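One structure below.
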Amino acid sequence: MYFSINLAFIYATTVSSISLSSGYDEPSMGLAPLLIREIFNIIVDINKTGTTVLLVEQNANMALSIANRAYVLETGRITISGDAKELAASEDIRKAYLGG
């Protein structure tokens with residue numbers, strides 16, 4: 001419920017950028033797949049309004065599917081960055097971070 005309230009607040013305000021998490025962890029943490037898809041659809045809708053979204057998410061496949069750019073953090077440092085679609089297509093990235 002906390003996340004739904006956050007999203008409603010974001011929709012009701014005029015902002016140019018937001019940092020998005022559930023308040024405790026990543027937006028998809030512990031949620032059913034149907035709710036995860038709905039939350040990611042809402043994130044895409046927010047971005048389509050012209051709002052920049054900084055998404056912190058361990059579900060790398062889902063995050064890369066909607067992102068423009070991606071950054072891989074290891075022990076607090078950016079170790080890889082680039083176009084999200086290119087990173088998702090990289091065999092090295094798939095093996096190391098995407099389970100295959």
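We did not get these values from a lab; they are worked out from the coordinates using the rules stated. Please read all numbers here as calculations on a predicted model, not as lab measurements. In this analysis, Cβ positions are derived from the backbone assuming ideal geometry, glycine residues included, and neighbour counts consider all displayed protein chains.
Beta bridges from DSSP with both residues in segment 19-100: antiparallel share about 75 percent, rounded to the nearest 5. Residue-wise HN-Hα couplings along segment 51-61, as the Karplus relation 6.51 cos²θ - 1.76 cosθ + 1.60 with θ = phi - 60° gives them from phi, are 8, 6, 10, 9, 10, 9, 8, 8, 7, 4, 4 Hz; Gly and Pro carry x.
Annotation: extensible slack from Val53 through Glu38 equals 3.8 nm (criterion: 0.36 nm per residue apart, minus Cα-Cα distance).
Using a 10 Å cut-off around each Cβ, can you sort Lys85, Lys95 from fewest to most neighbouring Cβ atoms?
Working: Lys85 14, Lys95 10.
Ordered from fewest to most neighbouring Cβ atoms within 10 Å, Lys85, Lys95 come out as Lys95, Lys85.
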